[in-house]
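Enquirer: Following this message is one structure expressed as structure tokens.
The values are calculated or read from the model by the stated rules, or taken from the named source; none is laboratory data. It should be emphasised that the depicted structure is a prediction, and the values quoted were computed from it without experimental measurement. Positions of Cβ are backbone-derived with ideal geometry, glycine not excepted, and every protein chain shown enters the neighbour counts.
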Amino acid sequence: QVQLVESGGGLVQPGGSLRLSCVAFGSIFSQNILSWWRQAPGKEREMVASISASGGSTNYADSVKGRFTISRVNDAKTMYLQMNSLKPEDTAVYYCKLVGRFGGMDYWGKGTLVTVSS
């Protein structure tokens, strides 16, 4: 039903910024909850931020609150994660997730690597 493609990852120094993008290709997007997850080596995958279908409601992990901003542009089938004041602890592969509706499956992108290091 949909394919998710993340982009925007890379190497950045502590205190720097990056913007991640997730573009959906398929028949569903605008009515679905979306979220960003991340996974660092040796750690479980954790949810970073989520956003409602309309974009009117957002939630953030405590570790990124005040530094990251999730947004979406439904006309473009795109979700963003603006990451500011990056820390080495933010280093991880970041994944886009679309939550299925009506008993449907969830969808994941393949991820984009963010490395925060001096």
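Enquirer: Can you tell me which residue is nearest to the chain's Cα centre (by Cα) among those in segment 81-105 that are within 17 Å of LEU34 (Cβ to Cβ) and surrounded by fewer than 17 Cβ atoms within 10 Å (Cβ to Cβ)?
Expert: Here the answer is GLN82.
Enquirer: What single numbered condition from (1) assigned to a strand (DSSP E or B); (2) of a type outside the set (S, T, N, Q); (3) farther than 16 Å from THR78 by Cα fails to hold for GLU44?
Expert: (1)
Enquirer: Those residues that are out of contact with any Leu (no Cβ under 7 Å at 6 or more places or on another chain) and of a type outside the set (D, E, K, R), I need them from segment 65-85; list them, please.
Expert: GLY66, THR69, SER71, VAL73, ASN74, ALA76, THR78, GLN82, ASN84, SER85
Enquirer: Of the conditions (1) closer than 17 Å to THR115 by Cβ; (2) without any contact (Cβ under 8 Å) to a residue 12 or more places away in the chain, TRP36 satisfies every one except a single condition; which number is it?
Expert: (2)
Enquirer: Here is a follow-up. Can you find, within segment 69-79, the residue that is nearest to SER7 (Cα to Cα) among those that are buried (at least 17 other Cβ atoms within 10 Å of the Cβ) and under 10 Å from the mean Cα position of the chain (by Cα)?
Expert: MET79
Enquirer: Please enumerate the residues belonging to segment 3-34 that are within 14 Å of the chain's Cα centre (by Cα), in a strand (DSSP E or B) and more than 21 Å from GLY100 (Cβ to Cβ).
Expert: Within segment 3-34, SER7, LEU18, ARG19, LEU20, SER21 qualify.
Enquirer: Something else now. Output the residue which, of all residues in segment 1-50 that are of a type in the set (Ser, Thr, Tyr) and either closer than 21 Å to TYR107 by Cβ or at pLDDT below 95 (or both), is surrounded by the fewest Cβ atoms within 10 Å (Cβ to Cβ).
Expert: So the residue we want is SER27.
Enquirer: So, of the residues in segment 35-49 that are closer than 19 Å to GLY66 by Cα and of a type in the set (A, V, I, L, M, F, W, C), which turns out to be nearest to the chain's Cα centre (by Cα)?
Expert: Going through the qualifying residues, I end up with TRP36.
Enquirer: Continuing with the same structure: Confirm whether THR91 is in contact (Cβ under 8 Å) with a residue 24 or more places away in the chain, under 14 Å from SER21 (Cβ atoms) and among the polar types (S, T, N, Q).
Expert: For THR91, the condition - in contact (Cβ under 8 Å) with a residue 24 or more places away in the chain, under 14 Å from SER21 (Cβ atoms) and among the polar types (S, T, N, Q) - is not met.
Enquirer: Among the residues of segment 96-118, what is the count of those that are touching a residue at least 24 places away in the same chain (Cβ under 8 Å), touching a Lys or Arg at 6+ places or on another chain (Cβ under 9 Å) and over 27 Å from GLY16 (Cα atoms)?
Expert: Looking only at that region, the number is 1.
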